[in-house]
Amino acid sequence: MGYNVAQKLIKDHLVEGKMDPGAEIGLKIDQTLTQDATGTMVMLELEAMGIDRAKTEASAQYVDHNLIQEDSKNPDDHLFLESAAERFGLYFSRPGNGVSHPVHMQRLARPGRTLLGSDSHTCANGCMGMLAIGAGGIDVAMAIAGEPFYVKMPKVWGVKVTGELPDWVSAKDAILEMLRRHGVKGGVNHIFEYYGPGLKELTAMDRHVIANMGAELGATATVFPSDEETKRYMKLQGREDEWIELKADQDATYDVEEEINLSELVPMIAKPSSPGNVVPVNEVAGEPIYQSYIGSSANPGFRDFAIASKIVEGRQIADGLSFDLNPTSRQMLIDLSQQGHIANFLQAGARLHQAGCNGCIGMGQAPATGRNSLRTTPRNFPGRSGTKEDSVFLCSPEVAAVSALTGMITDPRTMDFDYPKVQELEQPTVDTQLLEEPLPKEKAQQVDLVKGPNIASIPKMNELPNDMEVPVLLKMGDNISTDEILAGGARVLPYRSNLPEIAKFTFEIVDESYYDRAMDIKDQGGHAVVGGANYGQGSSREHAALAPKYLGLRVAIVKDFARIHWQNLANFGVLPLVFVNESDHEELEQGDVLQLKDLRKKIHEGNEFMIEVKGKDKQIKVRHDLSERQIEIMESGGIINWVKDRLRQ
């Protein structure tokens, strides 16, 4: 029996385990990606582990999130990241060069390779015939050090693509349709692989749009074949010699099969406050908007901006509306400027921002209280925009542009002008001025890390006790995101390299009293939290595990976890447990005290065990899904301690 593309990529990089769905496997990682919101911690982890130099084919550190320099914290961290990239042998993408995912696609992505990134949207580079996976920073640090990446073998979900996109419909509508069908956890423990005759209608950047929001499906990765379109794209980037063909075998099969007919798609929109809350645009048409925002890693291509430019050309946006333009790479911004598209936007009334993540991560462009924001970004979790009580809709550039003209959510098919046609550039700009190549090893070893006053070393992590008595400090419902566990935005992210400071913001969106209550009992054995389904969805930021750990979190018990957050908790010695009987979630109350006795023996002997609820004559049956390797990490108090122990042997 033949292999599909995902299976070929896994087979070629498998160093431990068997390709049986659900079994832990170890994968050789060829490339890594870190960005500045997560990369500072990765560099501190490399330092803590005593790593000498990156052992990957290519590792890159991007500065794209924390670009606002309202004081010295962000620029100090940029200098630290540059010195760390020089010291450890990484590429360094300077502020202003653009968002990591499209820049990596332009300059470093290679078909047939594996890519691990400390950003959940690393999966976007699956558009290039790569196995691209988002992970916590410590996993990426391990990969940079030459260690395998461990993950549970996913099933492969084949999506046959047929037809072609109608006017006013684009690739964003295709992935929104997938989210309408399956929601934000439908793809957990799966790789989505797109194939079929309809792929010839999708450009490499269209595929990027679809692959990017595979993260919102909860998928481990999204994979496209490397075909003539991939070759065309790489040729335009001056990298045709790095192209290889990679397609599924003719007799390949899939664990799950599905079809999406592009010809049948209509403009779609995700309503607040979940990427899975998707309906056709015409169902919410007429809703007034305060903001329309184009950009982010979810719609980063030249075409995405050019089509919007043509829609607003010679027209004016609605009165009182903020039309925000967020270019995603320096190369593309140059092309948009040279082709007259920036002028079109500005004459229509748009606001031009620097090339970066910006408002997508809540770093500026926050909407006004009680007003609707229409965005081409990948996420609309509560508070992610930077406004606590936000109301964010997700849509295509076409919907964002026509709605900017009308001042309300508008089905673009109702406009009284024809759909503009935009051609891909025959010779796009190739510019590497702000992408610094790794230093030779001899020079790198002479580099000292530049640490500003805001950078704090990672505190020592305590080992897992054999007996614990911990109160439930916080009880939550379903779909708690990492943005709610630890917010992003200009107020919080500047402290990403200072764990004691960033911990002050932990769970503030859910319960503002959590930090003070956690600190009160931090030295008394710690505490537990209880959550519902899909706990920890969204961003890969490991601070959402590290900050609660710093505050004394010992155990998280939920209905089920999002993949990356579960792995982050395990990596930092927080015991991730799942209710065997989901009804027990209702039985536990905030303030209950949990007794976990003879814990080390129990987690070794089996996956299920009982927890006593003190004073209630009640037992809760829980399950862990840790491998033997992860149990060792847990007992050590986290993966940093575990690595240090191994290096001393």
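Brief remarks on what is shown
- Scan segment 81-111 for residues that are assigned to a helix (DSSP H, G or I) and modelled with pLDDT under 95 and the total you get is 0.
- Any hit, segment 381-392, residues being free of Cβ contacts under 8 Å to residues at least 60 places away in the same chain and part of a strand (DSSP E or B): no
- Checked against the criterion of being surrounded by 18 or more Cβ atoms within 10 Å (Cβ to Cβ) and more than 19 Å from Leu79 (Cβ to Cβ), the candidates Glu442, Glu436, Glu463, Glu484 yield just one match: Glu484.
- In the condition set (1) out of contact with any Gly (no Cβ under 8 Å at 6 or more places or on another chain); (2) of a type outside the set (Asp, Glu); (3) within 30 Å of Gly186 (Cα to Cα); (4) at pLDDT 90 or above, Arg554 is compliant with all but (1).
- Among the residues here, Lys614 qualifies as closer than 23 Å to Ile521 by Cβ and either in the same structural domain as Val574 (by TED's automatic domain parsing) or without any contact (Cβ under 8 Å) to a residue 40 or more places away in the chain (or both).
Condition check ((1) polar (S, T, N, Q); (2) modelled with pLDDT of 95 or more; (3) in a helix (DSSP H, G or I); (4) touching a strand residue (DSSP E or B) at 6+ places or on another chain (Cβ under 8 Å)) across all residues:
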{"position": "Met205", "(1), (2), (3), (4)": "no, yes, yes, no"}
{"position": "Ala211", "(1), (2), (3), (4)": "no, yes, yes, yes"}
{"position": "Ala219", "(1), (2), (3), (4)": "no, yes, no, yes"}
{"position": "Lys231", "(1), (2), (3), (4)": "no, yes, yes, no"}
{"position": "Met234", "(1), (2), (3), (4)": "no, yes, yes, no"}
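- Considering Ala37, Ala60, Ala48, the condition of being assigned to a helix (DSSP H, G or I) and either surrounded by 24 or more Cβ atoms within 10 Å (Cβ to Cβ) or within 21 Å of the chain's Cα centre (by Cα) (or both) is satisfied by Ala37 alone.
- Residue match in segment 447-470 (condition: part of a helix (DSSP H, G or I) and in contact (Cβ under 8 Å) with a residue 12 or more places away in the chain): no
- Only one of the numbered conditions (1) at pLDDT 95 or above; (2) more than 27 Å from the chain's Cα centre (by Cα); (3) not in a loop (DSSP other than H, G, I, E, B) is not met by Leu577, and that is (2).
- Residue match in segment 347-356 (condition: buried (at least 19 other Cβ atoms within 10 Å of the Cβ) and over 12 Å from Gly295 (Cβ atoms)): yes
- In the set (1) among the acidic types (Asp, Glu); (2) buried (at least 22 other Cβ atoms within 10 Å of the Cβ); (3) more than 29 Å from the chain's Cα centre (by Cα), Asp304 fails one condition alone, (3).
- Residue list for segment 5-34, filter: more than 25 Å from the chain's Cα centre (by Cα) and either crowded, with 20+ Cβ neighbours inside 10 Å or modelled with pLDDT under 95 (or both): none
- Among the residues of segment 316-326, not a single one is in a helix (DSSP H, G or I) and either surrounded by fewer than 17 Cβ atoms within 10 Å (Cβ to Cβ) or under 28 Å from the mean Cα position of the chain (by Cα) (or both).
- Filter result for the condition that a residue is surrounded by 14 or more Cβ atoms within 10 Å (Cβ to Cβ), within 28 Å of Gly129 (Cβ to Cβ) and either free of Cβ contacts under 8 Å to residues at least 12 places away in the same chain or among the basic types (Lys, Arg) (or both), over Lys247, Lys310, Lys235: Lys247
- Verdict on Thr482 being assigned by TED's automatic domain parsing to the domain that holds Ile557, modelled with pLDDT of 90 or more and not charged (D, E, K, R): yes
- The numbered conditions (1) in contact with a Leu (Cβ under 7 Å, 6 or more places away or on another chain); (2) outside any loop (DSSP other than H, G, I, E, B) are all true for His65 except (2).
The rows are residues; the columns are (1) crowded, with 24+ Cβ neighbours inside 10 Å; (2) β-branched (Val, Ile, Thr); (3) in contact (Cβ under 8 Å) with a residue 60 or more places away in the chain; (4) in the same structural domain as Val492 (by TED's automatic domain parsing).
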residue: Val284; (1), (2), (3), (4): no, yes, yes, no
residue: Ile294; (1), (2), (3), (4): yes, yes, yes, no
residue: Asp335; (1), (2), (3), (4): no, no, yes, no
residue: Gly359; (1), (2), (3), (4): yes, no, yes, no
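- Residue within segment 68-80 that is touching a Gly at 6+ places or on another chain (Cβ under 6 Å), in contact (Cβ under 8 Å) with a residue 12 or more places away in the chain and among the acidic types (Asp, Glu) present: yes
- Of all residues in segment 409-428, those satisfying the criterion of being more than 25 Å from Gln339 (Cβ to Cβ), under 31 Å from the mean Cα position of the chain (by Cα) and of a type outside the set (A, V, I, L, M) are Thr410, Asp411.
The values are calculated or read from the model by the stated rules, or taken from the named source; none is laboratory data. Please read all numbers here as calculations on a predicted model, not as lab measurements. As a convention, Cβ positions derive from the backbone with ideal geometry for all residues, glycine included, and neighbour counts pool all protein chains shown.
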